[in-house]
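Worksheet for the structure shown next.
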Amino acid sequence: MTEAAGRPQGRITIWHLLLLAPWVAVAAGAWKAITDNSFLWHVRAGTLQMGTGQVLVEDPFSFTMAGESWLTQSWLVELLYGWLEGGSGLGFVPLMLVVLGLLTFATIGCVAYRDSASVPATATVLLLTLFALLTFLVPRPVLFSYLLMALVVLAWARPSTRWALPFLFWMWAASHGSFVIGLAYLGIMLLLEREWRWLPTAVASGLVTLATAHGLSVVQFLVGFGANREALDSLTEWRRPGLDDPAFLALLAIVVLIVVGLIRNQFGMSRLLLVVPFLFLGTTSLRAIPPVFIGLVPLAAQSLRGVRFPLQRGLSPVPAGVLAVAIVALPLFLIGDAGLSEQRFPTVASDELEDVRTFHDDVVGGYLIWAEWPETLVYVDDRAELYGDRLGELVAVRRGELDWEPIFERDGVEQALLGAEEPLAADLVAAGWTVDYEDDNFVVLTP
């Protein structure tokens, strides 16, 4: 009998079956219609870089910022997107989401089990992880950063695997700008554990981020991105989280577990050196929550070490097997259309556009880059580091808070592709613009 579980070893419990929850959630969500506009322009950036044989250093996609200095941080993932699209169109998306999602959860599960030595504790951490990550499991490059953050945490946990850290950070720096959170985690852990013999490895992990295709210019990208906080605030995923956000509630829950761990003397107060800055970072934006949550998983798991959980009686083999098969098969009945969302993107309305400068939002911009570039240049998309104040201006114009006429005159706009219910669409009609096309979701207008 194991002391923690109080049951014969090798028997399956409800907690073992709960370990399959990430499979259900990830697989069921992977085949939903694609709604991520950022992913679409990343795909086209990949095909462009494959064609030219070099990374992008200026904007090729818009008529408002054409030729302006712009670095594509995620060039490595974009090359992968371009290659995969060439073989299967966008059909690779569901499988990519399943593979990366499950690898991320499996890695987090390994971290949790290593620090808790408990299946129920591991299942609890994974269930909280579902709330923290599920809405962020989209096909854009940030998806790769979650796996890389989990691998960095796992690699640091064992001295025998720390040699892999520089390689992981090179991959991360070539995939997504959030690698700085991983470097912060590495530096804090080095200070906490005083493992100074690993200082050269930590330094090497930082230096290799400057040795990707962009070299030292990666610093320029990060500074430019961070300087556009006002523009980021206009994008949903960069807004500050609230108590109505499941991801934020999951972060608060894991912090509560850590506080309980402190009370139970599972670790010392010095661990607050990690918890406090990571919790603060998690309050700055929704997008910061997943890597912050992953970085706190080891402490949450340690907090649950030795805790006696209910529902630990072993199930009979036949019922356990039937339940396991049912759980594994469940997502197969939830699979939907993995194509592009016609409610989100103007898949039909874009065919009605004339070859003139068109006003539209960032969502439409991402779609047009993927579907119509290079024949069509866009007004904006969601590259906040490039457009800066233009994104805030866009929001104000669409809401009717800013006069559209001088903006249209400045940018030479001769056409508008808008949501059918947008206030700006009604304003343009009132000003004498003509509705050239209209469906349930979009409207095309010309002067």
Requested in this report: Please identify, among Val259, Val125, Val26, the residue showing maximal mean-square fluctuation in a Gaussian network model of the chain using a 10 angstrom Cα cutoff.
Outcome: Val259
Query - Net length gained if the chain between Asp244 and Cys110 were fully extended (0.36 nm per residue, minus Cα distance) - result: 45.3 nm
Requested in this report: Pick out which of Leu273, Leu251, Leu79 has the largest mean-square fluctuation in a Gaussian network model of the chain, springs linking Cα atoms closer than 10 Å.
Outcome: Leu273
Report summary line: Cα-based Debye curve of the chain sampled at q = 0.07, 0.10 Å⁻¹ gives log₁₀ I(q)/I(0) of -0.41, -0.79
**Report entry** Estimated inter-spin distance, Thr283 and Leu102, nm [label 7 Å along Cα→Cβ]
**Finding:** 3.9
Requested in this report: Search the structure for amide H atoms under 5 Å from the amide H of Val378, placed 1.01 Å from N in the peptide plane, and list their residues when 5 or more places away or on another chain.
Outcome: Ser62, Phe63
Query raised in the report: Can you name the helices of the chain, as whole DSSP H runs, whose Cα span along the helix axis is 15 Å or more and whose Kyte-Doolittle mean is not below 1.0?
Result: 93-116, 119-133, 142-157, 179-193, 246-263, 289-303, 317-329
Report summary line: Charge dipole of the stretch 231-342 built from unit charges on the beta carbon (Lys, Arg +1; Asp, Glu -1), centred at mean Cα; most positive-end Cα among Pro246, Leu274, Phe309 is Phe309
Report summary line: A chain fully extended from Val435 to Leu334 at 0.36 nm per residue, minus the present Cα-Cα distance, gains in nm 32.5 nm
Query raised in the report: Fully extended, how many nm does the chain gain between Arg158 and Ala66 (0.36 nm per residue separation, minus their Cα-Cα distance)?
Result: 28.4 nm
Query raised in the report: Taking a probe of 1.4 Å, how large is the accessible area per residue of the stretch 1-124, in Å²?
Result: 40
Query raised in the report: Most fluctuating residue of Ala288, Ala431, Ala349 in a GNM of the chain with Cα springs under 10 Å: which is it?
Result: Ala431
Query raised in the report: Using a 1.4 Å probe on the protein chains only, how many percent of the accessible area of the stretch 317-368 belongs to carbon and sulfur?
Result: 61
Query raised in the report: Taking the Cα-to-Cβ direction at Trp196 and at Val260 and moving 7 Å from each Cα, how far apart do the two end points lie in nm?
Result: 3.8
Requested in this report: Determine the dipole magnitude for the stretch 324-447: charges of +1 sit on the beta-carbon of Lys and Arg, -1 on that of Asp and Glu, nothing else is charged, the reference point is the Cα centre, and the result goes in debye to the nearest 20.
Outcome: 460
Report summary line: Answer in debye to the nearest 20: the dipole magnitude of the stretch 342-402 about its Cα centre, from +1 Lys/Arg and -1 Asp/Glu charges placed on Cβ, is 220
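The values are calculated or read from the model by the stated rules, or taken from the named source; none is laboratory data. As the structure is a computational prediction, the values presented were derived from the model and not from experiment. Cβ: placed from backbone, ideal geometry, glycine included. Neighbour counts: every protein chain shown. SASA here: full protein model, heavy atoms, side chains in, ligands and nucleic acids out. Shrake-Rupley method; radii C 1.70, N 1.55, O 1.52, S 1.80 Å.
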